[in-house]
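Reviewing the structure listed below.
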Amino acid sequence: MKALLLVSYDGTAFSGWQRQPNARTVQEEMEEAAYRAFSRRVTLTASGRTDAGVHALGQVVEGDFPEGIPPEKLRECLNIQLPPDVKVLRSCKAPEAFDVTRQAKRKTYCYNAYFAETELPLYSRYAARLKRQPDIALMREAAKLLEGEHDFSAFRASGYTSRTSIRTLYSVNTEKTAIPSGTLYSVRVTGNGFLYNMVRILAGELFAVGCGKQEGITRAFETGERSALSVTMPPHGLVLVSADYGITELLP
């Protein structure tokens with residue numbers, strides 16, 4: 001039985017989604033939990049890989065599970081075996097032809113960072129700390145340049161290639177929220193796909209522009225040069241919010 005799982009995890013103690021030697025990963029943790037629950041090996045595939053330290057609120061995972069188990073009960077069976085930092089929120093049956101990686105129509109990520117004079121322990125696990133307080137108006141102005149279809153080759157980590165670097169960003173929204181002794185800034189991005197480190201790089205550029213850096217997005221699009229942009233933000237501020245397949249009855 002092919003089934004889909006909606007999964008949430010705290011990426012702090014994981015070396016990313018994908019199974020790898022001598023490292024704790026979300027895929028391995030979930031596949032081992034499935035083996036303990038069903039006494040058979042289940043290979044799980046995610047909507048996309050997340051890197052070490054990156055979190056997920058709504059990662060979508062596909063796998064072939066034993067027949068005879070109601071698909072909505074997979075959530076309970078797996079959660080009993082899973083550790084506190086990864087849990088299945090929902091489970092349902094998937095069409096046999098469904099492809100969790102290729103059929104995602106859009107994904108949403110959110111990058112969180114905060115400014116405060118003193119490090120805030122309750123935020124530092126899930127948000128990067130900024131050295132300066134950015135101007136949200138400048139960030140929003142720069143964010144508009146990122147929306148639409150562009151060649152985002154400058155917005156990926158050096159040494160990484162892909163079949164195409166053309167991506168469409170449907171929205172790039174920046175928000176700020178007052179928190180005790182500081183301010184929390186969020187960059188929420190929805191697009192049809194993302195290059196390696198793309199969200200962390202564009203978030204770094206928006207924070208830098210907000211702190212007075214001359215905007216380099218236009219030059220980055222024109223030249224494809226990574227050097228036109230600011231630093232890559234650390235992974236712990238990044239959250240995979242959702243993957244949308246346009247099929248609400250699967251994971252409403």
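The values are calculated or read from the model by the stated rules, or taken from the named source; none is laboratory data. Given the structure is predicted, the values throughout are model-derived calculations rather than measurements. Positions of Cβ are generated from backbone atoms using ideal geometry, with glycine treated the same way; all protein chains shown enter the neighbour counts. Quick note on the areas: whole protein, heavy atoms, side chains included, nothing else; ligands and nucleic acids left out. Shrake-Rupley method; radii C 1.70, N 1.55, O 1.52, S 1.80 Å.
Pairs of lysine residues in the stretch 106-220 that meet both criteria, 8 or more places apart or on different chains and Cα atoms under 17 Å apart, total 4.
The angle separating the long axis of helix 26-38 from the principal Cα axis of greatest extent in the chain is about 20 degrees. Taken over the Cα atoms of the stretch 1-57, the convex hull encloses 88 Å³ per residue.
Model label points for Asn79 and Asn173, set 7 angstrom from Cα along the Cα-to-Cβ axis, are 2.7 nm apart. Our summary of shape: the Cα atoms of the stretch 80-164 have principal axis extents of 51, 40, 28 Å, ordered from largest down, in whole angstrom. So which trypsin sites (Lys or Arg not before Pro) in the stretch 1-55 are both in a DSSP loop and have at most 10 other Cβ atoms within 10 Å of their Cβ? Passing both the DSSP loop test and the Cβ count: Arg40, Arg41.
The Stokes-Einstein estimate for the stretch 1-141, based on a Kirkwood radius over Cα pairs and taken at 10 °C with 1.306 mPa s viscosity, is a diffusion coefficient of 95 µm²/s. A helix-only calculation puts the chain at -6500 deg cm²/dmol for mean residue ellipticity at 222 nm, using -39500 (n - 2.57) for each DSSP H run of at least four residues, averaged over all residues. Going Cα to Cα from Lys93, which lysines come in below 16 Å? Please leave out same-chain ones fewer than 8 positions away. In chain and number order, the partners are Lys2, Lys73.
For the stretch 118-182, the Kirkwood radius over C-alpha pairs fed into Stokes-Einstein at 10 °C and 1.306 mPa s yields D = 107 µm² per second. When you restrict to C-alpha pairs under 8 Å that are six or more residues apart and normalise by the size of the chain, the relative contact order lands at 24 percent.
Taking only protein heavy atoms and a 1.4 Å probe, the accessible area of the chain is 49% carbon and sulfur. For the pair the stretch 177-208 / the stretch 115-149, the C-alpha centres are spaced 6 Å from each other. Build a GNM of the chain with springs between Cα atoms under 10 Å apart, and of Pro95, Pro234, Pro71 the one that fluctuates most is Pro95. With only the Cα atoms considered, the chain has a convex hull volume of 136 Å³ per residue. Building the convex hull from the alpha-carbon atoms of the stretch 146-252 and averaging its projection over directions returns 8.5 nm². Distance from the Cα centroid of the stretch 38-94 to that of the stretch 1-24 is 9 Å (rounded to whole angstrom).
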